[in-house]
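The values are calculated or read from the model by the stated rules, or taken from the named source; none is laboratory data. Computed from a prediction, not measured in an experiment: that's the story for all the values here. Backbone-built Cβ (ideal geometry, glycine too); neighbour counts: all protein chains shown. Note: areas computed on protein heavy atoms with side chains; ligands, DNA, RNA excluded. Shrake-Rupley method; radii C 1.70, N 1.55, O 1.52, S 1.80 Å.
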Amino acid sequence: MLEAWEWEDLILCPCVLDDGPKAKEKMVGAGIALLTALGWAVSSVIVKYISGKMDSFSINMLRLWSGSIILVAIVFLSGRGNDYIHTPVQSLIFLAIAGLMGMAIGDTVYVKSLSFIDVSRAFAIAMCAFPMLTTVVAILLLAEPFTWVNVVGAILVVVGLYLMVVLGRRRTAAAVAGSNNPKGVALAFLAAVLWTMGTIALRLGATEIDAFVAAAIRVPIAAMALTSLRFSQKRREALQFKKYGLRNVGLGVAAGVLMYGVAAVGYVVAIQMLGAGRAVLITAAAPIFVLPFSIFLLKEKPTTWAIAGVALSVLGVILVSAD
């Protein structure tokens, strides 16, 4: 029988009985989201390394199809083939929308914005707007629970991203001069809206679906859509893999396995465990991992703003993950 002080403790702290498993699930989900961000970061560093040796379309094609082949192979070799073939129609539609909106159209619009404004400006607009839009939509439309602590964490993550990708980059005068083209700004923001739509569709479509199955539907659909779009334009300069060299092609494949193989599954799991809002906020902090890689592998010199941005983003991730 419980003593009086024990009853008092249970009344004052009901989380001892009810919230233990839920809190543990959130911690695991946050860890998976961070690992997903790490996969994105490593993939981004690889892409940056080979971007001067291969055209962007060939890189994206390698990444999407490498991830697609790996995911579909895992699904069938692990005995999930029946679930894959018999995916409910509603889930299939939402996952197809997620692949088209987020990867095929959203990424294409973002790349297009880079032809009007410099990359630091486009990245700042898209990656700061994306987590905030997703959080607002997740709260208002999906009724995902958020506390004031989580909201403060969300703000810190976005501010940290701004410090890292805008103030933390050394920019040339030419880049600054071309950073405010209205069309480029609009396209970067549209990319964030499309990514948000894709994430919400993924949240709705992957609720009752195995994470590997969900990713193995979403990624190949994006790959097929992007391939059809590019071949309809008859661009012959792309996909000339012979001239790229085996090493660069191999690195492109590795980037695809990380980005659209490993991280794509982690992203689905994080959304399932944390909800769309929290998962996006944590994975959006991928630049936290990019910074050390860029220092040690790409020999870039970080600024004080970039370091401050990392610190704020880390604190924000902790608060976003808190109950």
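Would you mind listing how long region 79-141 runs along its three principal axes, going by Cα atoms, in whole Å with the largest first?
Largest first, region 79-141 extends 46, 29, 19 Å along its Cα principal axes.
Could you state, as a whole-number percent, how many of the C-alpha pairs of region 33-85 are farther apart than 12 Å?
72
How long are the three semi-axes of the equivalent ellipsoid for region 50-162, computed from the Cα gyration tensor as the root of 5 times each eigenvalue, in whole Å, largest first?
29, 25, 13
Please state the equivalent ellipsoid semi-axes for region 178-223: what are the square roots of 5 times the Cα gyration tensor eigenvalues, largest first, in whole Å?
For region 178-223, the ellipsoid semi-axes come out as 31, 11, 6 Å.
What does a probe at residue 141 reach in region 205-223, counting residues whose amide N is under 17 Å from the point 7 Å along Cα→Cβ?
205-207
Determine one quarter of the surface area of the Cα convex hull of region 20-111, which equals its mean projected area, and express it in nm² to one decimal.
8.2
With every protein chain present, what is the per residue accessible area of region 67-163 (1.4 Å probe, Å²)?
Numbers: 4740 Å² over 97 residues.
For region 67-163, the solvent-accessible area averages 49 Å² per residue.
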